[in-house]
Amino acid sequence: MMRVTNSMMVKRTKSNINANRAKVDYTNNQMSTQKKITKPSDDPIIAIRSLRLRSTLSTITQYYHNNISDAESWMDCTGTALKNMKDLLDDAYSRVVHGTTDELQPEDRETILKALQSLQQQVYCEGNADYARRSIFTGFKTNESLTFMSNKDAKEEEYDITERFDYQDIDKKNYYPEAFDDTSDGAVATNGKHPDVFNEVELNRIRLAYDKISADGNSLSISYKDENGNNVAVGLNSENGKIEFGVIGGTISVDLDKTKNPAEPVADIQAANSDYVIVPGTKTTTTVNGINTDTYTYNVYKSSDWDATATPPAPVAGATPQQSVSFNVVDSGNPNDASLSANIGTAAKPQAISYRVSNTADLKAADYKLGDNEIVFDQESGELLFNESVADALDATKASITFDYHKKGFEEGELRPEYYFDCTRYMKDRDNIVYENFDENGNWKTQAIYYNIAGGQQMQINTEGREVFNSDIRRDMDDLIDIVNAAISAQKTVDDIKTKIESGNYKDEELESLNKWYDAAKKQLDYANQNMHDTYSSYISRFQGYLDTVNLEITDLGGRGERVDMTKSRMSVQESTFKELKSINEDMDLSELVINYTAASVSYQAALQAAAKIGKMTLLDFL
C-alpha cells in the first residue's frame with residue numbers, strides 16, 4: 001500500500017483546481033463567442049469542416065449578392081432601353097402607315113416629315129444607354145458610345161470601312177432625273193423649255209451604311225462560284241483598268257498599259273504554290289458600232305496536268321483547266337478611253353461587269369442612264385447602282401459583294417463603324433486602330449459579356465448593338481424623309497405656279513408657258529404622291545421587321561432574366577442551407593452552454609472548498 005503524504009494531496013488538489021478552472025475558462029470563452037472551438041487544435045474535424053463550409057458560403061455570397069445583382073441591374077437597363085426603342089419604332093411604323101394614305105393634305109405631309117426627322121435623331125439614342133458608366137450595347141468596348149455624340153467630334157472622324165453584302169441585299173428604287181422646283185419668272189413665265197414628260201427611272205441598288213463618301217480609295221469585290229464550283233473573287237478598282245482575280249493557286253492582277261494603241265492588258269500572276277499553274281488562254285474580239293471589245297481568258301491547271309517541257313508549254317493530253325476567268329477590254333481607238341470589265345457567271349452565260357464612281361448631280365444630269373454591265377457608285381448617296389442585267393448575274397451566281405471605302409466626317413447620332421464592320425480608325429495623336437470584327441469565313445466575332453452567376457453556370461448579360469440598332473433604320477428614314485420632301489416640294493411648285501396663273505399678271509405667251517409648266521408640275525406631283533404611297537407601303541414590312549427584331553431581343557432578354565431569377569432563388573436556398581450547416585458545425589447551443597458552464601463552475605467551487613479543508617489538516621490529524 002502506497003503512503004500518501006500531505007504534499008501529495010495538496011499537489012493533486014492544485015492540479016484538480018487548475019483543471020476545473022481551465023474548464024470554467026473554456027466554457028466561459030464558449031459563452032462569449034458562442035462557438036464550439038476557438039483554434040483548430042480544439043477540434044480539428046470541426047475546423048476542417050468549418051473551412052469547407054465557409055469557403056462554399058463565401059462563393060455563394062459572391063454569386064448571390066454581387067454577380068447576380070450586377071447581372072440583374074445590367075439586364076434591367078438593357079430592357080428599359082429596348083422598350084424605349086420599341087416605342088420609337090412603333091411611332092415610326094405608325095408614320096409609315098400614315099404615309100400610305102391616298103389623299104394626304106400638305107399639312108399631313110409636314111406632320112409626317114417633322115415626326116420622321118425627330119425620330120431619326122432619337123432612334124439610336126437608346127443605344128448609348130449605360131450602366132455604372134459602362135455602355136451596355138458596345139460589346140467589350142464599354143468605355144465608348146454606340147453613336148457619335150457630337151457633330152464637332154464626328155466631323156473629325158476618319159475611317160477605312162469594309163462592308164459585306166450578298167445578292168439578297170439588292171433592292172429597287174425609283175429616281176426622277178427631271179424633277180424641278182424653280183418657279184421664278186425666268187424659269188416658267190417664258191417660252192423656254194418645259195418638261196413635256198416627267199421621267200421615272202427604276203434601278204437596282206445596294207445601299208451602304210453611310211453617305212457622303214470619298215471618291216478615292218474605294219474598291220468593289222464580287223465573289224461567286226463558277227460552273228465547276230470553284231470560288232472566284234473579282235476585285236474592281238475605282239481607277240479604270242484595274243482588276244484582280246482570286247483564283248485557285250494565286251491571283252491575277254490586270255492593268256491596262258495605256259501607252260499602247262490599242263491598249264493591251266498587263267497581267268501580274270502571283271502563284272500561291274507549285275500545285276497549280278496559271279496561263280493565258282484565248283483572246284477573242286468583237287466589234288459593235290465601231291467599238292472593239294477584246295475578251296481575254298486565263299486558265300488554272302493542276303501542275304500535274306501541265307507540260308512545261310513542251311514547246312510551247314501545253315496541257316497534257318485530255319487535261320482540262322480547273323478554273324477559267326476572263327475579262328474584257330473595251331477600246332474605242334483612243335487608249336485613254338480603254339476600260340476593263342470582268343466576266344462573272346458561267347462560260348456559257350458570262351456577264352461583263354465594270355465599275356465606276358459618280359455623284360448624284362452627274363447621274364441626274366445623265367438621266368440615270370447606266371450601261372448594261374455597269375455598277376456605278378454614287379458617292380454622295382452611298383449607293384451602288386446597276387441595271388437588271390447586272391442584278392440577274394449577281395443573283396444567278398449567288399454572289400457576295402464586298403465594298404471597301406474611305407469616309408471622313410460623320411454626323412451626330414450616326415452609328416460608329418467599329419461596332420458593325422471591319423474598319424480602321426485614323427488617329428491624330430497615336431497609331432491607327434484596326435478593328436477586325438469578322439473571321440476568315442465572314443462570321444461575326446461575338447462580343448458577348450458573360451457573368452458567373454453560379455458554380456459552373458454563366459449567363460450572357462449584354463445585348464450587342466448590331467443585334468438591335470441596324471444602320472438600315474436610319475438609312476430607311478433618310479429615304480422616307482427624301483420622298484416626303486419631294487412630295488412637299490412638288491405640291492409647293494404646283495401652288496406657286498397656280499398662284500402666278502391666277503394673279504392676272506401674265507398674258508398671252510407667258511400665260512401659255514405657265515399653263516404648260518402647271519401641267520408638268522401636276523404630273524410631277526402625281527409621280528411624287530404615287531412614289532410616296534408605293535415606297536411607304538413597301539417600307540411597312542421593313543419597319544415591322546425592325547419591330548420584330550426588337551421584340552425578339554426583348555423576349556431573349558426576358559428569357560435570360562428568368563434564368564437569372566431561377567438561379568437567384570436557388571442561390572438563396574443554398575445560402576440559407578450552408579449558413580445553417582455552418583451554424584450547426586461551429587455554433588454552440590445556448591442552453592447546452594449554460595448547463596456546461598454551470599457544471600464547470602460548480603466543480604470549480606467544490607474543488608476550492610475541498611482544497612480549503614485539506615490545506616488545514618496536518619499529519620497529526622491522520623494519526
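The values are calculated or read from the model by the stated rules, or taken from the named source; none is laboratory data. Given the structure is predicted, the values throughout are model-derived calculations rather than measurements. Cβ coordinates were reconstructed from backbone atoms using ideal geometry, including for glycine residues, and neighbour counts include every protein chain displayed. Each accessible area value is taken on the protein alone, full model and side chains, heavy atoms only, with ligands, DNA and RNA left out. Shrake-Rupley method; radii C 1.70, N 1.55, O 1.52, S 1.80 Å.
Quick look at the numbers
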item	result
Residue in region 371-384 that is exposed (fewer than 15 other Cβ atoms within 10 Å of the Cβ) and assigned to a loop (DSSP other than H, G, I, E, B) present	yes
Residues satisfying the stated conditions in region 252-292, i.e. on the phi > 0 side of the Ramachandran plot and open to solvent by less than 70 Å² (accessible area, probe 1.4 Å)	G290
Test: residue in region 151-168 that is among the aliphatic types (A, V, I, L, M) and either more than 23 Å from R475 (Cα to Cα) or assigned to a loop (DSSP other than H, G, I, E, B) (or both)	no
Unmet criterion (only one of (1) of a type in the set (D, E, K, R); (2) closer than 30 Å to Q457 by Cα; (3) at pLDDT below 90) for E562	(3)
Subset of region 138-168 [closer than 19 Å to N443 by Cβ and more than 17 Å from the chain's Cα centre (by Cα)]	Y167, Q168
Given (1) farther than 14 Å from F180 by Cβ; (2) modelled with pLDDT of 90 or more, number of the condition I497 does not satisfy	(1)
Region 338-370, residues that are of a type in the set (G, A, S), farther than 18 Å from A233 by Cα and open to solvent by less than 20 Å² (accessible area, probe 1.4 Å)	A338, S358
Members of region 447-472 that are touching a residue at least 24 places away in the same chain (Cβ under 8 Å), among the polar types (S, T, N, Q) and either touching an Asp or Glu at 6+ places or on another chain (Cβ under 8 Å) or open to solvent by 30 Å² or more (accessible area, probe 1.4 Å) (or both)	Q447, N452, Q457, Q460, T463, N470
Matching residues, region 391-423, being in contact with a Gly (Cβ under 9 Å, 6 or more places away or on another chain), buried (at least 20 other Cβ atoms within 10 Å of the Cβ) and of a type in the set (V, I, T)	T397
Failed item, numbered, when D362 is tested on (1) free of Cβ contacts under 8 Å to residues at least 24 places away in the same chain; (2) over 22 Å from A399 (Cβ atoms); (3) of a type outside the set (S, T, N, Q); (4) in a strand (DSSP E or B)	(4)
Qualifying residue in region 102-118 (condition: open to solvent by less than 60 Å² (accessible area, probe 1.4 Å), farther than 30 Å from M588 by Cβ, out of contact with any Leu (no Cβ under 9 Å at 6 or more places or on another chain) and of a type in the set (V, I, T))	no
Subset of region 307-319 that is in a loop (DSSP other than H, G, I, E, B) and out of contact with any Asp or Glu (no Cβ under 8 Å at 6 or more places or on another chain) - its residue that is nearest to T346 (Cα to Cα)	G318
Residue selected from region 119-137 under the condition crowded, with 16+ Cβ neighbours inside 10 Å and over 19 Å from the mean Cα position of the chain (by Cα), by the criterion nearest to M477 (Cα to Cα)	L119
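Listed here are the residues, each with its yes/no results for (1) at pLDDT 90 or above; (2) over 30 Å from V468 (Cβ atoms).
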site	(1), (2)
S41	no, yes
S50	no, yes
Q62	yes, yes
C77	yes, no
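Residues are listed down the side, and each one gets a yes or a no for (1) surrounded by 14 or more Cβ atoms within 10 Å (Cβ to Cβ); (2) within 52 Å of the chain's Cα centre (by Cα); (3) not charged (D, E, K, R):
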residue	(1), (2), (3)
K500	yes, no, no
S503	no, no, yes
D519	yes, yes, no
K522	yes, yes, no
Y539	yes, yes, yes
F543	yes, yes, yes
T555	no, yes, yes
